[in-house]
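The values are calculated or read from the model by the stated rules, or taken from the named source; none is laboratory data. Computed from a predicted structure; not experimentally measured. So basically every Cβ, Gly included, is an ideal-geometry build from the backbone, and we count neighbours across all protein chains shown. Please note that ligands, DNA and RNA were not included when accessible areas were found on the heavy atoms of the full protein model with its side chains. Shrake-Rupley method; radii C 1.70, N 1.55, O 1.52, S 1.80 Å.
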Amino acid sequence: MVKNKSGFVGVGAYGGNQVRPFYKESYPSLFINTALTDLNSLTDVEEKYKYHVPGSEGCNKDRKKSKELFRQEIDNIINEIKEKMPGIEYLFIVASAGGGCGSGVLAALKQVAMEEMDLKGCIIITVLPDTKTESIKALINSYETLAEIEQLNEYAGATFILDNDKSTNKMRINEMFFCYLDSLLTSENSSTYGNVDDAEIEQLLSTTGAAIISKLGKDKSDTQNLINTFHNNVYAPIEDDKVIKYIGLIQPDKGKNIRIESICAEVGTPLDSYLGYEADSTLCVLTGLSLPYTKMQDIKAQIDASKDTIKRNLSAQSGNRMESLGFFDDIPVKEKSREKKKSNRDLLF
């Protein structure tokens, strides 16, 4: 199974939370953070799998700060990944799009890993901020992060984009995605009617573009319920352009309850479909999808609508609105004859 070839790197607070269940299921894992307090909160993770970026105390949603910190430390981080995950073929990099620590390094880390490690694919897992409650800074970060991810088409690996707009319970989103991806990576269905083998799962994971994984219990496995999961899920909304490269579908029966032609009519005609049967549940993977451009344009519109307010707030302290009374101007000040002793701070500058 593909699990034996996979490793996870969680960057920042979200990355740590999302990777934690994979770590508990014995996936090779590394937790990276610029904030030591976030790493210390992972009390069930062994210290040797935690990596604190030296000299850092968090990034405060500052992507530029993150980029500079990781630029100085990237060689050590890559060596740490190699040491902790020898022999992996698929690296999953997990970080929030809206934060600072992870969003600043997400795209760059994938590029460096693909260039300097012997990988077949590097998969990005990220999450968009809640547009109703998160700050404008988080929205700006998420837009800029996806713009950088968009430039990585030459590097193999799908992008899973979760969406905190889908639920007020962020941890529940994390749990559901873990369930879906773990089911895919540990899939070993065996049927005389046909199977989705490891090579096909690897093709699904290594295909560039957005991707989603859906899962249904055996008693709910029919065409309409599956189509509903393409739109009511934990991911950023998929585009209506019907751009898709591959479909992977593993289902409980012999192909009677879920019609692949109906799936294609809903999401588009793929280059190929990988079909498996007689499984314990239904698992469906769509890869090679367009990035969620409509969602990102909505985020950009929200940012643009706040520009005037942001500019006013930033410039509010730049001018003086109170005039001097000059009350003490005419009072003579006796000059001290003794020279002021220099402090340590004076000597530093």
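Only protein atoms count toward the accessible area here, which uses a 1.4 Å probe; on the chain, the carbon and sulfur part of that area reaches 47 percent.
For the set K48/K170; K218/K300; K3/K132, the pairs lying more than 31 angstrom apart at their alpha carbons are K218/K300; K3/K132. Would you mind checking the tilt of helix 12-24 against the longest principal axis of the Cα atoms of the chain, expressed as 0 to 90 degrees and rounded to 10? For 12-24 against the chain, the angle is about 40 degrees. Taking trypsin sites (Lys or Arg not before Pro) as exposed when DSSP calls them loop and at most 13 other C-beta atoms lie within 10 angstrom, the chain has its longest site-free stretch at 1-131. Here the dipole of the chain is about 1400 debye; that uses its Cα centre as origin and unit charges on the Cβ of Lys and Arg (positive) and Asp and Glu (negative).
In the context of the full set of protein chains, residues of the stretch 80-220 present 38 Å² of accessible surface per residue (probe radius 1.4 Å, heavy atoms only). Only beta bridges with both residues in the stretch 116-242 are counted; by DSSP, about 10 percent of them are antiparallel. Restricting to DSSP loop positions (anything but H, G, I, E, B) with no more than 16 other Cβ atoms inside 10 Å of their own Cβ, which GluC sites (Glu not before Pro) remain in the stretch 1-70? Those satisfying the criteria are E25, E46, E57. Looking at the stretch 167-230, the GluC sites (Glu not before Pro) that sit in a DSSP loop and have at most 15 other Cβ atoms within 10 Å of their own Cβ are E188.
Compared with the alpha-carbon gap, the fully stretched path from K256 to T269 is longer by 2.7 nm at 0.36 nm per residue. Percent of Cα pairs in the stretch 88-184 per distance bin of 5 Å, from zero to the largest separation: 3, 13, 24, 23, 19, 13, 5, 1, 0.
Counting only DSSP beta bridges with both residues in the chain, the antiparallel share comes to about 35 percent.
Under the criterion of Cα pairs below 8 Å and six or more residues apart, the relative contact order for the chain equals 14 percent.
Straight-line reach from K64: taking Cα to Cα under 14 Å and skipping same-chain neighbours fewer than 8 places apart, the aspartates and glutamates in range are E144, E148. Helical content alone sets the calculated 222 nm signal of the chain at -11500 deg cm²/dmol, taking -39,500 (n - 2.57) per DSSP H segment of four or more residues and averaging over every residue. Residue farthest toward the positive end of the dipole of the chain, with Cβ of Lys/Arg at +1 and Asp/Glu at -1: which of L69, I260, F8? Result: L69. Computed over the stretch 242-297, the range of Cα coordinates on each principal axis works out to 41, 19, 15 Å, biggest value leading. If you plug the beta carbon distance of D197 and A301 into 1/(1 + (r/R0)^6) with R0 = 51 Å, you get a FRET efficiency near 0.70.
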